[in-house]
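Here the structure comes first, spelled out in structure tokens, and everything after it is commentary.
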Amino acid sequence: MIGVERLRQGLMDLWGLPEPVVERHDGGMNSSTWFVTDRGERWVAKAVDPAARRSFTSGLAVAAALQHAGVPAGAPMATRQGERVVDVDGTPLALLTWVPGEELTSTDPGDQRLIGAVLARVHRALAGVAVPDAERFHWVDPQSEHLDVRPWVRPAVARAVAAYDELDPQTLSWGLLHTDPAFDAFRMDRARGVCGMIDWSTAMIGPLLYDVASAVMYAGGLDRSGALVEAYLDEGVMPRAEAERALGVMLRFRWAVQADYFARRIVTNDLTGVASAAENEKGLADAFAWL
């Protein structure tokens, strides 16, 4: 972990900030973050585990491409040497552009419509964008050892993966994904009427419907996300028939991803971004309730 004083020194040496003020944030599950201010400007410093450096770098490339297309995305600020990610005491670190605004909520129909529309516009803006080291969907292996954490996990994950495979995934609309569009990833600057999308942690090419299913999951399911789905489909990024055929199956797969994720965290005792192991247990229990 990078200490505050070491981070301040790195911001001065690498990015040329003369007097950075650093405030610890740590709002993410898989990273360490700090708010940075200097001369009236704001950024977010973000550090990840060294094993995640490649995906972190590729995700920032997606953010940069999206911001270039006009969507505030927390693009990285280059160092004096032109680098997006640098190692500070062996830890990959980036300084991200601040995206002003307030987080949207899952219960407000207006926010849901905005999220659906912004997600569709993001998918459209990223169509045809090539990113080095982009990964290919998906990463869930029903044979993984950590799925033995509870008797129900492996069978549930295997059934969800099998149902996904039966969709014939190559018939779906594919492109660059966010992979985890929770409502707090959308920031609405109401003064300017602009909504940004942050937290680009990887570059993943996959079915666009996976992002839609993720947003639906965070909204509480299909019965509670009608405004979101309609707003997305109104943008014409994918055929309505595709969503009608596959969204329910993809939502089930998305919950299998949650089960896989929290099972791994429990087995490895990964407490990054949580106060205690109980939060990992709750994440797994939530997946059980839906699967």
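General observations
- Against the chain, whose longest principal axis is taken from its Cα atoms, helix 53-68 shows a tilt of about 90°.
- Prolate/oblate/rounded label for region 4-97 (Cα gyration tensor, a/c 1.5): rounded
- Within region 54-122, trypsin sites (Lys or Arg not before Pro) in DSSP loop having at most 15 other beta-carbon neighbours inside 10 Å: R80
- Ordering M197, M77 from the fewest to the most neighbouring beta carbons within 10 Å gives M77, M197.
- DSSP-loop trypsin sites (Lys or Arg not before Pro) across region 150-205, with at most 15 other Cβ within 10 angstrom: R190, R192
- Each Cα pair under 8 Å and six or more residues apart adds its separation to the average, and for the chain the resulting relative contact order is 20 percent.
- Unit charges on C-beta of K, R, D, E only; dipole of the chain, Debye: 260 debye
Each reported figure results from applying straightforward, stated rules to the coordinates on display, with no laboratory input. Owing to the predicted nature of the structure, the values given are computational and were not obtained by experimental measurement. Cβ coordinates were reconstructed from backbone atoms using ideal geometry, including for glycine residues, and neighbour counts include every protein chain displayed.
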